[in-house]
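**Q** This is the structure I have questions about; it appears just below.
Every number here is computed from the coordinates shown, using simple stated rules; none is lab data. If you're wondering where the values come from, they're calculated on a predicted model, not measured in any experiment. Ideal geometry is used to build each Cβ from the backbone, glycine not excepted, and the neighbour counts take in all protein chains shown.
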Amino acid sequence: MALVRRVVLDTSTLVSAVLRPESLPRQAFQRILARHEICVSGETLDELDEVLSRRKFDRYLEGSERTVFAELYRQHSLLHQVTQAVSDCRDSKDNKFLALALACAADVIVASDNDLLVMNPYRSIPILTPAAFLDDQRF
């Protein structure tokens, strides 16, 4: 079994994990939940709550079920204080994930967002798709 690693997940991956039960993002999330340490910040949690509350997702999954997922995620994550601002990503909204990765000394960022994926690696932190994460023997 792989060592316990510190993992940062982007919001796109989490949304796919909750809305698509058979998806690679769900499989990656389940592996991370079982084997690794999930790192979050207040800012990443706020974004997840905001995105999951969007009515456009009602046709896929009830709002109450999305709320349960967000609460499960919170309960199984370690909250980290981010003290250093980062402005390296071409999409400024994604800088929060990079800053969190630095703050928690993450071993990997699992992302579905191309603005993050094109930065792989970020300051020697791998940025992997859910599929690449599942295939990587380190994890």
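**Q** Based on the Kirkwood radius over alpha-carbon pairs, what is the Stokes-Einstein translational diffusion coefficient of the stretch 1-79 at 10 °C with 1.306 mPa s viscosity, in µm²/s? Before the final figure, lay out each step's value.
**A** On the way: Rh = 12.8 Å.
Using the Kirkwood radius from Cα pairs, D works out to 124 µm²/s.
**Q** Among 17, 101, 75, pick out the residue whose Cα is farthest towards the positive end of the charge dipole of the stretch 6-135, where Lys and Arg carry +1 and Asp and Glu carry -1 on C-beta, about the Cα centre.
**A** 17
**Q** Taking neighbour Cβ counts within 10 Å as the exposure measure, how do 86, 4 sort from fewest upward?
**A** In increasing order of surrounding Cβ atoms, one gets 4, 86.
**Q** If you don't mind, there's one more thing I want to ask. Anyone know which of 44, 83, 11 comes out most mobile in the 10 Å Cα GNM of the chain?
**A** Answer for the Gaussian network model of the chain: 83.
**Q** Let me ask you something else. Considering the alpha-carbon set of the stretch 16-139 alone, what are its Rg and its Dmax in angstrom?
**A** 14.2, 39
**Q** Which cysteines in the chain lack any other cysteine whose Cβ sits under 4.7 Å from their own Cβ?
**A** Isolated Cys, the chain: 89.
**Q** To the nearest 20 debye, what is the magnitude of the charge dipole of the chain about its Cα centre, counting +1 on the Cβ of each Lys and Arg and -1 on the Cβ of each Asp and Glu? The partial results should precede the final answer.
**A** Working: 17 positive and 20 negative charges, 46 e Å.
Dipole size: approximately 220 debye.
**Q** Which residue fluctuates the most in the chain, going by a Gaussian network model with Cα springs under 10 Å, if the choices are 34, 99, 111?
**A** Highest fluctuation of the listed residues: 34.
**Q** Now for a different question. Just to be sure I understand: of the beta bridges DSSP finds with both ends in the chain, what percent are antiparallel, rounded to 5?
**A** 10 percent
**Q** While we're on this one: For residue 4 and residue 74, what is the calculated FRET efficiency with R₀ set at 25 Å and r taken between the beta-carbons, to the nearest 0.05?
**A** Efficiency, from the Cβ-Cβ distance: 0.85.
**Q** Kirkwood Rh over alpha-carbon pairs of the stretch 40-99, then Stokes-Einstein at 37 °C and 0.692 mPa s: what D in µm² s⁻¹, rounded to an integer?
**A** 256 µm²/s
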